[in-house]
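Quick note: the coordinates plus some simple rules give every number you see, no bench work behind them. It should be emphasised that the depicted structure is a prediction, and the values quoted were computed from it without experimental measurement. All Cβ positions, even for glycine, are placed from backbone atoms using ideal geometry, and neighbour counts span all protein chains on display.
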Amino acid sequence: MKKIIFFILCVTALHANAQITDTTKKKVVDTIKKDLFTAPDTVKHLHSKTGALIPPIAMVGYGVSSLVIHPLHRFDGYLYGQADRHDIVTPTKLENFFQFTPVVLTYGLNFVGVHGKNTFIDRTFIFVLAQFMLEGSTFAIKHATHRLRPDNSDYLSFPSGHTGNAFVGAEFMSQELGKVSPVYSAIGYSFATTTGIFRIYHKDHWFSDVIAGAGFGILSTKAAYWVYPIIRNRLTKKGREKEEDKKQDKEIQKDLKKKPEKSSIILPSYQNGAWGLQFAAQF
C-alpha cells in the first residue's frame, strides 16, 4: 500500500514539474501573486453535459434504495463479510488523511505554478460552498435515516461523510486541473476511491453508504460550480455588464439562426390607363 501511495505522489510530482517548466518562462512568482491577490470580473460558468450527472445521481439512488430494498442491504452484508475475511488494508485509518488529499494537492500544485480554472479567491469560495452543501445534506440524512454502522458504534452510517469529503475534493481537483492534464483528475479520484474502500474495510460503513457518499460529494461540487458564478458575477458592475452582453449576444445569434419566414402580398396597380395586380413573395 505504501509503495502504491509513493508511486501516485511521484506521478503527481512529475506532472507538476512539467507544468512548472512551462510556467517558469512566464515568471512563476508573478503568476502566483496574480493567482493569490486578484480576481477576474466574471467567473466561468460550469459547462458540464447532462450525462455527467447520471453517475452521481445513480450512486445516490443506489444508496437510498438499499435502505428499503432488502437484497441490496444483504449485498452490503456479503461485502462486509468478505472485507472481514480478507483484511488487506493497514489498521491505520489513512482515509482520515486521504479524504483531504485531492484538495491539498490542488492548492499545492496551484502554489508551485500549475494554474487551473479559477484564481485562489474564487476556487476557495467554490470549495467552501461545496463543503457546505455536502455537510448540510449528509448531516440531515444521517439523522433522518438512523442506520446502524457495521461496527455498531452509532446510528449515523448513511451516507459516508469521509467518502463524501473525498469525492468533493476529487471533483474539485478535476474541475480546476482536469483540462491542464487528465492525470490530475485520475489522481484525485484514485484517492477518493481509496478512501471509500478503507471505510468499508475498517467497518465504519456499508458499501451502499460509501456509494451514496461518493454521489453526494460529486453532486455537491458540481452544484457549487453551477451556483457560484451566478452569485459572483452579479456582485460586480463589470460582471453584471458582461453577463448582460452575453445574453444579448445569445439572443442575436438565436435571431440569426432563425429561418426567414415565407410571406407574400398582392397589391392593386394602375399603369398606362390599365388596372392590374402585382404579386410579391419572399421565400
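Some points to look at:
- Each residue of the stretch 103-110 is assigned a 3J(HN,Hα), and the resulting list reads 5, 4, 4, 4, 5, x, 5, 4 Hz, derived from the Karplus form 6.51 cos²θ - 1.76 cosθ + 1.60 (θ = phi - 60°), x at Gly and Pro.
- Each of TYR78, TYR62, TYR228, TYR184 was scored by other Cβ atoms within 10 Å of its Cβ. Listed from fewest to most, they are TYR78, TYR62, TYR228, TYR184.
- The Kirkwood hydrodynamic radius of the stretch 79-160, based on inverse pair distances between different Cα atoms, is 15.9 Å.
- Each peptide in 198-205, 147-154 was scored by the mean count of other Cβ atoms within 10 Å over its residues; highest first, the order is 198-205, 147-154.
- Cα gyration tensor of the stretch 144-209 - equivalent ellipsoid semi-axes, whole Å, descending: 28, 11, 6
- Label-to-label distance for HIS143 and HIS45 is 3.6 nm, based on points extended 7 Å past Cα in the beta-carbon direction.
- Annotation: extensible slack from ARG234 through ALA58 equals 60.1 nm (criterion: 0.36 nm per residue apart, minus Cα-Cα distance).
- Residues LYS49, LYS222, arranged from fewest to most other Cβ atoms within 10 angstrom of their Cβ, appear as LYS49, LYS222.
- Structure note, pairs LYS44/LYS222; LYS49/LYS117; LYS49/LYS142; LYS49/LYS179; LYS117/LYS142; LYS93/LYS179: Cα-Cα distances above 22 angstrom occur for LYS49/LYS142; LYS117/LYS142; LYS93/LYS179.
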